[in-house]
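The values are calculated or read from the model by the stated rules, or taken from the named source; none is laboratory data. Since the model is a prediction, treat every value here as computed from it, not as a measurement. We place every Cβ from the backbone using ideal geometry, glycine too, and count neighbours over all the protein chains shown. The accessibility values were calculated without ligands, DNA or RNA, using every heavy atom of the protein model including side chains. Shrake-Rupley method; radii C 1.70, N 1.55, O 1.52, S 1.80 Å.
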Amino acid sequence: MRRALLLIMLFSLGACQKQTSSNCSPQDHSLSAKFNFKVGTVAEPFQLQANSPYLELVISQFNALSPENVMKANAIHPQEGVFDWYPSDQLVDFANDQNMRMHGHTLIWHQQLPEWISNFEGTKEEWRQVLKIHIQTIVARYKGRVAAWDVVNEAFTEDGNLRNSVWFQHLGAAYLRLAFEYAHEADPDALLFYNDYNLAQNPLKRNAAIRFCSDLKKAGVPIHGIGCQFHVSIDFPSHREMDACMRAVCEADFLLHISELDIALNPLSRSMPVPSEEDLQKQANLYYWIFKNYRRLPEAYQYGITLWGIGDADSWIPYFFNRDDYPLLFDENYQAKAAYCKLIEDL
Ligand code: G3I
């Protein structure tokens, strides 16, 4: 009821804005309603509060939510013993109120570490305590309200070896096992994921990550799924590589999360003040192919697909690579792009 009222309010607000001219207006459709698996997005709490077209799309199009930044260690655990819960509480409350599945991202990563962790000096046992307290304080706070966690993010390098992160330096490869065990102790019902990028285009890295996760699982470690990020572009990786990646995860008996989907148009960083119709069509075809191919996988492994942003202006890509790009389903004014329309009309 609350959700219906909010939608009516938001849609009347949206009625003043420019509408998409085709018959795939987001006001008349819901992307997530088209699939048996969850279709999620990342969100930032400040955007949900201040940006009504963004809020409208999050509520109407998606049924799962991941935090883009607020659960990363530097944001949520800025000093030893100090946790900043406010933004992540807002997001978890929002997801719970909207009946969206909340996916926690990310407990252990080599990036976005607060200085106190990067500079921490201690024995192996003290590092183990840092890992344990960080994971268990967060997971316990959201027990029963966050359905799943990216427990470890991006632990492998492109050559298939474990990355030399602070966690690896101080705890060796055992930090992965410990991380999953600590998370499970804090919320035995949460689904636990390993998450990484380039797993489609780099079979060396993919095989290493899947083998490592399989060995953990065989040893009784609670690890349930693998997140393949899928920050891809219109020209690569190939359909064959993406399909091989999806199938390899399922064949290894892990839930598959396409966890950070976006499709770049401009990986070579050319000047591209506006996207061409041809590129937007290629992008639409690839989004369509990814959803369609995912839907063909055994249902038991379909944890869901999460888009890494709502409108092109919110995407990390133009900012991070300092280039023009248009990787998402909605444009900078939150109007539906060809990709959204193709998913709605053709699937
Ligand atoms: O919050 C600060 C703000 O206080 C400061 O004024 C501003 C100035 O630079 O920076 C803000 O922090 C930025 C943060 O996003 C929040 O906007 C960081 O600089 C920026 O580096 C950070 O980028 C995020 C990046 O991860 C690094 O954490 C992107 O938004 C986010 O999309 C990206 O997401 C990652 C996934 O977590 C893991 N997989 C790859 C993916 C893309 O890089």
Per-region count, segment 301-324, residues under 19 Å from the mean Cα position of the chain (by Cα) and part of a loop (DSSP other than H, G, I, E, B): 4
Any hit, segment 180-188, residues being under 25 Å from N63 (Cβ atoms) and in a loop (DSSP other than H, G, I, E, B): yes
Failed condition for K143, given (1) part of a helix (DSSP H, G or I); (2) surrounded by 12 or more Cβ atoms within 10 Å (Cβ to Cβ); (3) out of contact with any strand residue (DSSP E or B) (no Cβ under 7 Å at 6 or more places or on another chain): (1)
Near pairs, Cβ below 8 angstrom, 6+ apart or cross-chain, from segment 307-331 (more than 9 Å from the ligand (Cβ to nearest atom) and open to solvent by 40 Å² or more (accessible area, probe 1.4 Å)) to any residue that is of a type in the set (S, T, Y) and modelled with pLDDT of 95 or more: F321/S269; N322/S269; D324/S271
N99 vs. criteria touching a residue at least 60 places away in the same chain (Cβ under 8 Å) and open to solvent by 40 Å² or more (accessible area, probe 1.4 Å): yes
Pairs with Cβ under 6 Å, 6+ apart, first in segment 222-235 and among the small types (G, A, S), second open to solvent by 10 Å² or more (accessible area, probe 1.4 Å) and assigned to a loop (DSSP other than H, G, I, E, B): S233/P267
Segment 28-49: number of residues that are open to solvent by 60 Å² or more (accessible area, probe 1.4 Å) and either acidic (D, E) or modelled with pLDDT under 95 (or both): 1
Selection count, segment 206-224, where residues are of a type outside the set (A, V, I, L, M, F, W, C) and either closer than 27 Å to S269 by Cα or within 16 Å of the ligand (Cβ to nearest atom) (or both): 1
Failed condition for W289, given (1) in contact (Cβ under 8 Å) with a residue 24 or more places away in the chain; (2) farther than 14 Å from S233 by Cα; (3) open to solvent by 20 Å² or more (accessible area, probe 1.4 Å): (2)
Residue match in segment 140-160 (condition: farther than 26 Å from E121 by Cα, hydroxyl-bearing (S, T, Y) and more than 16 Å from the ligand (Cβ to nearest atom)): yes
Pair list, Cβ under 6 Å, 6 or more apart: segment 157-179 residue assigned to a loop (DSSP other than H, G, I, E, B), other residue hydroxyl-bearing (S, T, Y): R163/T157
Pair list, Cβ under 9 Å, 6 or more apart: segment 194-210 residue over 20 Å from H105 (Cβ atoms) and assigned to a loop (DSSP other than H, G, I, E, B), other residue open to solvent by 10 Å² or more (accessible area, probe 1.4 Å) and away from the ligand (no atom under 13 Å from the Cβ): Q201/F236; Q201/S238; Q201/E241; N202/E158; N202/G160; N202/E241
Filter result (of a type in the set (S, T, N, Q) and either away from the ligand (no atom under 12 Å from the Cβ) or at pLDDT below 95 (or both)) within segment 66-123: Q79, S88, Q90, N96, Q98, N99, S118, N119, T123
L65 vs. criteria surrounded by 19 or more Cβ atoms within 10 Å (Cβ to Cβ) and part of a helix (DSSP H, G or I): no
In segment 187-205, the residues that are under 19 Å from E260 (Cβ atoms) and either away from the ligand (no atom under 16 Å from the Cβ) or among the small types (G, A, S) (or both): L191, L192, A200
Meets criteria (within 16 Å of the ligand (Cβ to nearest atom) and not polar (S, T, N, Q)) for A338: no
Some residue of segment 287-300 being assigned to a helix (DSSP H, G or I), within 21 Å of N333 (Cβ to Cβ) and away from the ligand (no atom under 16 Å from the Cβ): yes
